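Report on the following structure.
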Amino acid sequence: MSRVVAKVLSLKAELTLINALSEFENSLPKEQKAIFRMRRSTTPTSQDVQQFVAEFDLADLSVTAKSCEDTHTTGDPEKVLEVLLQGFSSSVKVYFVLDGLDECETKERETLLRALRKIQEKINISVCASFREESNHGLQSITKQLLNTRIVSIPKDNPDIASFIEADLERRIQDKLLNIRDEKLKWDIQKALLEGSSGMFLWVDLQIRTLCSLNTDYAIRKALLDLPKDISETYARILRKSGSSDPEFQVKTLQLVLAARRPLTEDELLEALSVVPGDADYDPSKILNNVDAALGHCGCLLVTDEEELTVRVVHRSVKQYLLNGSESAKHRKFSEEEASRTLADVVVTYLSYKALEGEVSKPNSQQKTSQIAPLRMLQNPEFPETPQRVLAKWLRAKSRPPLDVDLGSLFGVEHGHTEPKLQSTFKFQHYARKYWKDHLPHVSGKNTRIVEMSAQLMLKRADDRDWTRWKQTFEEGHETITLLFIHAGKIAPRSRDGEGGKPLIWAAEKGYKDTVKELLRSGGADVNAKDKNGWTSLMHAAFKGRSDIVETLLSVSGVEVDVICGGRTPLMQAARSGHKDTVKMLLSDGRADVEAKDRHGYAPLLHAADCGHEDVVGMLLDVGNIDVETQDILGNTPLIQAARKGNTETVEVLLRKANAEATNNIGYTPLMVAASYGHSSTVSVLLGTADVEAKNAVGRTALIEAVRERKKDIVVLLIDMSAGKADVHAADDYGWTALMYAEDQNDEDIAEVLRQHVNELAAKQT
């Protein structure tokens, strides 16, 4: 007899899917059987992927179970799948229904699809997967990974949503979750939800959950008159209402749930919420007693998995809403890094409890261990202890709080072996023991106590493999790991890396202020040390605009403020890069030489003008007796350079003090330079003060230069705005006029402009 297996990963068993499966089952021949396994999972993870195929009940898995007797714990879904497929027959026909594939994160979705593809290649299987197409990921990413795909679109206005509303309301009323006195109110609720749903099952589900929290018919009717328009508004209202009494606690709860490497159990979450980061004194009396009260601060956005007793977000869009900067979430918004930091600080503090000393030890790599589910799940009398069931438990246990046991004893249950006992205290230690190394890079580097705890944790519990992995992270430029290495004594302040740089140089370049302070505090760092390019820490910080680090370095006695690195000083680098705050910091220190020049003759003012940083130019102009007419090796002043680049705003600032008639080594004025480069706005500004008839070293005016460079717009501008001062008859030292140059270049457009101007002048004279 062939069997059909359908397994569902979904937020809820939506009516559309239930109807489809029901019809499918009814259409099967009598000799076939359909087995449905509904799986609630709001945030599918890699553990879910491992469990995904764990409960197939159509093959003799005794051989598979036996092969696991000496198997060590593995987190690799590929290995799990390989073990599972050993017990399948190619003659078995399997129908696989997967709902909510879009709910998986990209990594988990790819892992799952690879597994399905491998299953397709090994056994006779047909896959039906539901996937909500979005702008950031389309169907092509799915279809290209599976065999013989076909796409069927579902209408946006789902015809089954009305049935879902009716059924869900009825269920909640029967379960005493929704309490109403007026029977007519039920129909009013159905009507309001149907009109506002726009086909969104999640929106409906959240509104019903919210209505369940109201205590009177009046409150329910009032809520129906002002239902949120979309999911974002729904989330915002839920968060405002549920977190109003203690918004900080709400944020902490959400951060812990979202940052966890796997769903936390209720007991784990209660302990984690009770941890005060940095306080290593364990007080069990401060542990929260009621998980419902804790979750209540987040409304219905956090739910408890009824089977696993783990806490999850009601839908993955909650995470997107909170972390992706939604405007309506700004009052509760936090970054993913902030969430990771909160949980990391909690984990480190928890493992630093003195009461835990002796409870947590270094893992024994030789011990063959696995993870085991809560005892009540293992002893569920509903399922017999078949090899299939035992293997399923082993796979499903991957998402449970870990307990070190011999895997052979787990599979020996059916042979009458004694089951292991669970520990009853320190519930969060299961999670903390397994994942502290993953969380360590995210601890708060600004909290000295947390840094010290983390360093001690590394020294006590890390093995050689951990240090090797962290060393790679350090070399990639991770600030927190660097801080921890320093506190753990793993980095010598005067050591050098492969590029010849020292930790202080590296930290200053990266902008790691806390690391810079720690290195300087240790007393071993040389503030004037140079890398292979001759750059000091101060130069790197100034170049990158790290004003806070520049301030820290300037406070060190003996720091060389005007050190020449690559021909430039830190002030030159900051001015050229436009780092206003850094320039201000260097100027306020009073030691930086504002007249120092690089090998091209560029002083800080010239650098800023050349790059168009008018704010920095203005700041430098306010410095005492600064030379506004400082010249480079070609004689260009800051005003000439700004005009050459077309930095009009900078030109306007410089004209407060600069000479508009200053010339470079070949006699070019700012106006001539701007005209020859075609910068019309700059020319317009300069025409207010500049001499339009001035000539360069070869007797050419700004008009002649504009004609020679074929800048028609500038030619017109010079003629129109100079009030007749632009002499079209003026000749250079070679006897050539502007019109002669235009005709020689066959530039008829400019020649016509010049002729017309000549004719107008003649007419006026007549």
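Every number here is computed from the coordinates shown, using simple stated rules; none is lab data. All values derive from a computational prediction rather than experimental measurement. Note that each Cβ is placed from the backbone with ideal geometry, even for glycine, and that neighbours are counted across all protein chains shown.
A few remarks follow.
- Segment 522-574: translational diffusion in µm²/s, Stokes-Einstein, Kirkwood Rh over Cα pairs, 25 °C, 0.890 mPa s: 223
- 3J(HN,Hα) along segment 516-530: 4, 4, 5, 5, 5, 5, 5, x, x, 8, 8, 5, 9, 5, 10 Hz, from the Karplus curve 6.51 cos²θ - 1.76 cosθ + 1.60 with θ = phi - 60°, whole Hz, x for Gly and Pro.
- Ordering of 334-340, 481-487, 170-176 by packing [mean C-beta count within 10 Å, highest first]: 481-487, 334-340, 170-176
- Unsatisfied cross-links (Cα-Cα over 28 Å) in the set K191/K241; K118/K427; K544/K645: K118/K427
- 5 angstrom amide H check on Y95, placed H, neighbours 5+ away: V5, S126
- Cα gyration tensor shape of segment 126-258, rounded if a/c is under 1.5, else prolate or oblate by comparing a/b with b/c: oblate
- Residues T468 and E336, FRET efficiency given R0 of 22 Å [Cβ-Cβ distance, rounded to 0.05]: 0.25
- Each residue of segment 114-120 was assigned a 3J(HN,Hα) from its phi angle through the Karplus expression (A = 6.51, B = -1.76, C = 1.60, θ = phi - 60°), giving 4, 5, 5, 4, 5, 5, 4 Hz with x at Gly and Pro.
- Rounded FRET efficiency, nearest 0.05, which uses the C-beta distance separating I151 from S198 and R0 of 22 Å: 0.45
- A simple spin-label model places pseudo-atoms 7 Å from Cα toward Cβ; at D246 and R461 they are separated by 2.6 nm.
- Mean Cβ count within 10 Å, highest first, over the residues of peptides 603-616, 253-266, 202-215: 603-616, 253-266, 202-215
- Cα gyration tensor category, rounded, prolate or oblate, for segment 173-212 with a/c compared to 1.5: oblate
- If R0 is 45 Å, the Cβ-Cβ spacing of S317 and E121 corresponds to a FRET efficiency of close to 0.85.
- Ordering of 345-354, 467-476 by packing [mean C-beta count within 10 Å, highest first]: 345-354, 467-476
- Cα-based radius of gyration for segment 633-716, normalised by 2.2 N^0.38 Å, reads 0.95.
- Within segment 703-747, the chymotrypsin sites (Phe, Trp or Tyr not before Pro) that combine a DSSP coil assignment with at most 10 other C-beta atoms in a 10 angstrom radius are Y734.
- Estimated vicinal HN-Hα couplings, Hz - segment 258-270 in sequence order (Karplus 6.51, -1.76, 1.60; Gly, Pro = x): 6, 8, 5, 6, 8, x, 7, 6, 4, 5, 5, 5, 4
- Modelled label positions at K107 and I564, each set 7 Å beyond Cα in the direction of Cβ, lie 5.1 nm from each other.
- Close amide H contacts of T310 (hydrogens built in the peptide plane, cut-off under 5 Å, sequence separation of 5 or more or a different chain): D305.
- Model label sites at R521 and D749, defined 7 Å from Cα along the beta-carbon direction, differ in position by 6.6 nm.
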